[in-house]
Amino acid sequence: MSAPVLQVESLTGGYGPSQVLFGIDLEVHEGQVLTLLGRNGMGKTTSVRHLLGLNRAYSGEIRFLGQSITGLPADQIARRGMAVVPEGRQIFTNLSVEENLLAFAARRNGRGDPWTLDGVYTQFPRLKERRHNGGGQLSGGEQQMLAIGRALMTNPHLLILDEATEGLAPLVREEIWTCLKRLRETGLTIIVIDKYIRRLIGLADRHVILEKGRVVWAGSSPELEARQDLWADYLSV
């Protein structure tokens, strides 16, 4: 197997003096989909913030594309090809759909088939229909499509989706799952945080369960399917 796109070793961190993460280990290889699972408040989003350079690690190491990015600022990590669809979407509501997409256009992964406006519009026809509308005029589902399209426009090596389908109507949620399946088929490396375990088992290669800032289990989709005791112990509300 090739070297990991992302490798995290013994990561500790948090917010100022409040420690949240206690020795996180995980890795994801090229073309794989990895999930971070756990109840609310167990360290999933905090882990993502450390990967993106938004929080500084207390100790441990984060390697991306074979190089340490521990301690690098967020803008440098983004330019190396890590993109996020954040919880809450965080699109620019005063820009049009098309302006939101073009503002993030880049060629960070160097692939010969880059994501372009046309590619994003093919993936999300509704965005093409609304391309001249302001971001603040979109529904929640449309904003999520825009947030995904914006991240794809950077042509990342690694795409991270935090709460990918949170708060979406069932039909829109289904559209997002279809999108993620297509992205997997393109060979994009992805980390997903979501609560729909059965859908994630069908999508992802590997899963990491967090409990109070610690990895309590990691394994493949077949292994997680066979361990439904873990669902009750660590994933149910």
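Residue by residue, here is whether (1) among the hydroxyl-bearing types (Ser, Thr, Tyr); (2) part of a helix (DSSP H, G or I) holds:
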residue	(1), (2)
20	no, no
35	yes, no
42	no, no
46	yes, yes
54	no, no
57	no, no
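Only residues that are out of contact with any strand residue (DSSP E or B) (no Cβ under 7 Å at 6 or more places or on another chain), under 16 Å from residue 86 (Cα atoms) and not in a loop (DSSP other than H, G, I, E, B) were counted in the stretch 131-172, giving 11.
Can we say residue 212 is farther than 28 Å from residue 40 by Cα, touching a Phe, Trp or Tyr at 6+ places or on another chain (Cβ under 8 Å) and either touching a residue at least 24 places away in the same chain (Cβ under 8 Å) or not aromatic (Phe, Trp, Tyr) (or both)? So residue 212 fails the test. Looking only at the stretch 49-66, decide whether some residue is more than 23 Å from residue 192 (Cβ to Cβ), in contact with a Gly (Cβ under 6 Å, 6 or more places away or on another chain), in contact (Cβ under 8 Å) with a residue 12 or more places away in the chain and of a type in the set (Ser, Thr, Tyr). Yes, because at least one residue in the stretch 49-66 is more than 23 Å from residue 192 (Cβ to Cβ), in contact with a Gly (Cβ under 6 Å, 6 or more places away or on another chain), in contact (Cβ under 8 Å) with a residue 12 or more places away in the chain and of a type in the set (Ser, Thr, Tyr). When the stretch 144-185 is filtered for residues that are within 16 Å of the chain's Cα centre (by Cα) and either at pLDDT below 90 or among the hydroxyl-bearing types (Ser, Thr, Tyr) (or both), the ones remaining, listed by number, are 154, 163, 164, 165, 166, 178. Of all residues in the stretch 70-102, those being among the hydrophobic types (A, V, I, L, M, F, W, C), free of Cβ contacts under 8 Å to residues at least 40 places away in the same chain and in a loop (DSSP other than H, G, I, E, B) number 1. Taking into account only those residues within the stretch 191-222 that are among the charged types (D, E, K, R), more than 21 Å from residue 22 (Cα to Cα) and surrounded by fewer than 17 Cβ atoms within 10 Å (Cβ to Cβ), which is nearest to the chain's Cα centre (by Cα)? So, considering only residues that are among the charged types (D, E, K, R), more than 21 Å from residue 22 (Cα to Cα) and surrounded by fewer than 17 Cβ atoms within 10 Å (Cβ to Cβ), the one nearest to the chain's Cα centre (by Cα) is 205.
The values are calculated or read from the model by the stated rules, or taken from the named source; none is laboratory data. These numbers were taken from a predicted model, which means no experiment stands behind them. Quick reminder, even Gly has a Cβ in these numbers, built from the backbone with ideal geometry, and neighbours come from all protein chains shown.
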